[in-house]
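Heads up, the thing below is written out as structure tokens.
None of the figures in this text is laboratory data; all of them are computed from the coordinates on show. Everything numeric here is computed off the predicted structure, so don't read it as measured data. Counting neighbours? That spans all protein chains shown, and the Cβs are built from the backbone with ideal geometry, glycine included.
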Amino acid sequence: MKNVIKDGFLIAYKDLLTFFRSPARTIVFVIMPLFMMILTGYIFPSESSLHNTDIAVANVNQGEMSLLFTHILKDNIGFKITNATNLEEIKEMIKEGKISEGIVIPANFTYNISHQKQSQIILITGQTNPQISMLLSSVLDKLVENISTQIAISNINKSVGDKETSKGIVKPITIKTERIVNADPDNYIEFMAPGLISMIVMTGAMTGLASSISREREKGTMDGIMVAPISRFSVIIGKSISQSVRAFIQAMIVLILAIALFHIKIFGSIGLSLLILIIGIFSFMGLGILISSISSEQETASMIMMTLMFPMLFLSGVFFPIQQMPPFMQTISKFLPLTYMADALRRVMVLGVGFGQVALNVYIMMAYGIIFTIVAVPLFSRMVNE
């Protein structure tokens with residue numbers, strides 16, 4: 001057994017040395033997770049991303065309250081605001097692609113507010129980017145609600161004479177949010193980072209191992225390894241170790257970049273996070289061996305991997321919460337190993353939970369790894385004997 005493990009480490013060393021000797025492969029190996037992290041971190045809209053959104057404001061009123069509202073709009077959100085004259089001009093600007101959305105402040109805006117009548121602000125959306133439209137609408141709703149509340153309190157206070165009583169009349173019920181950890185609720189990348197790390201681990205473990213074995217079979221180097229005085233289990237151990245190291249390095253690149261560039265915080269144990277990564281690599285490594293064992297060519301292995309990985313990326317909660325999916329998709333997600341890895345890593349990193357709260361996920365990942373390996377080893381032995 002000692003020689004089996006020793007031979008496995010020698011094969012792993014050989015694979016890593018061969019891989020990193022290629023400058024092109026090394027560059028792609030480092031750049032790929034960097035690109036994925038940067039693009040994912042900036043592509044999803046948040047309130048901070050609205051700073052680069054072009055909108056037009058048509059202040060038809062030009063009264064005291066409309067000018068105050070426009071000033072608050074600029075100071076609180078920081079849109080790139082373009083002035084327009086009316087509703088039709090805003091519609092034309094949206095059609096021409098000059099702006100994303102538009103706001104119209106009607107002519108009776110100040111009059112209605114000063115006479116304690118309801119006033120209305122018109123939001124014009126282009127629907128070319130539903131996410132930005134929804135986010136802008138949400139931000140404006142918050143802003144209008146705050147301004148409306150202050151105006152109502154001020155008006156009632158003139159009659160009541162007590163500000164606290166006025167607040168109770170205007171808004172008898174309020175919501176106070178208590179967070180488990182002191183995380184930024186608007187920082188979507190804190191939700192994304194654990195899932196993205198899990199995805200990198202899955203991609204590296206599955207594609208790297210299956211492609212490596214299939215490539216060596218096509219080149220004939222696998223036959224040379226098989227005739228050497230080493231066991232087939234040593235080959236599996238060696239290939240698994242080399243791909244695990246590569247997947248782990250890429251995961252660390254993503255984690256370091258997320259902390260340095262997007263300022264995410266790890267509220268749980270770093271050691272537990274690393275343990276989940278290692279067990280996750282083990283669970284996908286068995287699947288990679290299984291794919292390579294049933295694929296006679298590298299192209300076939302790649303096609304099978306893409307067929308398996310594509311649904312996992314969208315059904316395992318990496319990019320979108322599983323709770324938002326239809327019931328049948330939620331059922332499918334329960335059978336995907338990436339679901340348990342992403343969920344465990346997210347709860348440790350974001351919620352700061354301990355091993356007890358993610359133990360079931362860890363055991364399921366280990367079970368996947370053991371089952372895949374048990375099935376893959378005899379198939380691998382049969383494959384190399386053919």
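Couplings 3J(HN,Hα) for the range 303-312, derived from phi with the Karplus relation 6.51 cos²θ - 1.76 cosθ + 1.60 (θ = phi - 60°), are 5, 5, 5, 4, 5, 7, 6, 4, x, 5 Hz, where x marks Gly and Pro. Relative to the current alpha-carbon distance between residue 375 and residue 158, full extension at 0.36 nm per residue lengthens the span by 70.3 nm.
With the Kirkwood sum run over all distinct C-alpha pairs, the range 271-343 has a hydrodynamic radius of 13.4 Å.
Taken about its Cα centre, the range 48-170 carries a charge dipole of about 180 debye when Lys and Arg each add +1 at the Cβ and Asp and Glu each add -1 at the Cβ. With the charge dipole of the range 48-170 set up from +1 on Lys and Arg Cβ and -1 on Asp and Glu Cβ about the Cα centre, the Cα lying farthest toward the positive end among the listed residues 61, 107, 147 is that of 147. Among the chymotrypsin sites (Phe, Trp or Tyr not before Pro) in the range 281-335, those placed in a DSSP loop whose Cβ has at most 11 other Cβ atoms within 10 Å are 335.
Annotation: the residues 30, 318, 170, sorted from fewest to most other C-beta atoms within 10 Å of their own C-beta, follow the order 30, 170, 318. Relative protection proxy for 340-347, 374-381, from highest mean packing down: 340-347, 374-381 (other beta-carbon atoms within 10 angstrom). Each of 355, 326, 280 was scored by the projection of its Cα onto the charge dipole of the range 272-386, and the greatest displacement toward the positive side belongs to 355; charges sit on the C-beta of Lys, Arg, Asp and Glu. The share of C-alpha pairs in the range 48-170 whose separation exceeds 22 Å stands at 39 percent.
Modelled spin-label separation between residue 68 and residue 6, with each label point placed 7 Å from Cα along the Cα-to-Cβ direction: 8.4 nm.
Given contacts defined as C-alpha pairs under 8 Å and at least six residues apart, what's the relative contact order of the range 48-170, whole-number percent? Result for the range 48-170 is 24 percent. Residue pairs exceeding 29 angstrom between C-alpha atoms, taken from 176/334; 6/265; 171/265; 142/265; 80/163: 176/334; 6/265; 171/265; 80/163.
Model label points for residue 111 and residue 328, set 7 angstrom from Cα along the Cα-to-Cβ axis, are 5.7 nm apart. 3J(HN,Hα) couplings calculated from phi for the range 54-62 with the Karplus curve 6.51 cos²θ - 1.76 cosθ + 1.60 (θ = phi - 60°) are, in sequence order, 8, 10, 10, 10, 9, 8, 5, 6, 6 Hz; Gly and Pro show x.
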